[in-house]
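Okay, here's the structure, questions in a sec.
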Amino acid sequence: MRVLRALVILGIALLLGSGTVHAQGGSANFHIGGGPVLPQGSFNDGFKTGWQGMAGLAFNLKGIPFLIRVDGFYGRNKGDESQVGSDVKTSLLGALLGGQYYLGGRTSSIRPYLLGQVGVTHAELEVGQLDDSEDKFTFAGGAGIMFAAGSLQVFIEGKYLSVLTSGSSTNMIPIVVGLQFSGVKD
């Protein structure tokens, strides 16, 4: 229920933010991607490399190399049979809000960027028929590269994502390859 509330709050923020972006002569972009998730720390002790899908919106103001970015993600990791057994898996459903700062010039066809986000994640652990879940604060930081191809951009990014789950944090590095579709500009 808390994740649903967080998604509703992020949706309202998106609607309000898109009005501000439109009024300032900026644009909104939609992005979608996915790729492997590399478990880190204690999460690496019991789980294999998994996968994650991501979709979101990015808003920028005209003339500023900074984007306001909202992402939703879903991913799964299976348990390492030698550590926790084959019937163990975890799934993460989350929403992140943050910023993306471009390091290159606006007209460059290759643009590196830095990314920082905070949000909430619904973490679910399945062990056979048992199921345990919790909603937890999440933060992420990373970097990526955007490649222009007309009105379409291809991106590759990696970030350190930490879900502050009970006991120890669930830490991972998602590596996302995706597409960004440019929105309507004023």
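Restricting the search to the stretch 75-94, which residues are modelled with pLDDT of 85 or more and not small (G, A, S)?
R76, N77, K78, V88, K89, T90, L92, L93
Let me ask you something else. Does the stretch 162-186 hold any residues that are free of Cβ contacts under 8 Å to residues at least 60 places away in the same chain and either part of a strand (DSSP E or B) or among the aliphatic types (A, V, I, L, M) (or both), and which are they?
Of everything in the stretch 162-186, those that are free of Cβ contacts under 8 Å to residues at least 60 places away in the same chain and either part of a strand (DSSP E or B) or among the aliphatic types (A, V, I, L, M) (or both) turn out to be S162, L164.
How about the stretch 140-186: which of its residues are within 19 Å of G98 (Cβ to Cβ) and of a type in the set (D, E)?
E157
Given the criteria more than 15 Å from H31 (Cβ to Cβ), of a type in the set (D, E, K, R), surrounded by 14 or more Cβ atoms within 10 Å (Cβ to Cβ) and modelled with pLDDT of 85 or more, does E157 qualify?
Criteria not met by E157.
Still on this structure: Of all residues in the stretch 103-148, count the ones that are of a type outside the set (G, A, S) and closer than 30 Å to G46 by Cβ.
We begin by selecting, within the stretch 103-148, every residue of a type outside the set (G, A, S); these are 103, 106-107, 110-115, 117-118, 120-122, 124-127, 129-132, 134-139, 145-147.
Those left that are additionally closer than 30 Å to G46 by Cβ: 115, 117-118, 120-122, 124-127, 129-132, 134-139.
Residues in the stretch 103-148 being of a type outside the set (G, A, S) and closer than 30 Å to G46 by Cβ: 20 in total.
The values are calculated or read from the model by the stated rules, or taken from the named source; none is laboratory data. The shown structure was predicted, so the numbers you read here are calculated from the model rather than taken from an experiment. All Cβ positions, even for glycine, are placed from backbone atoms using ideal geometry, and neighbour counts span all protein chains on display.
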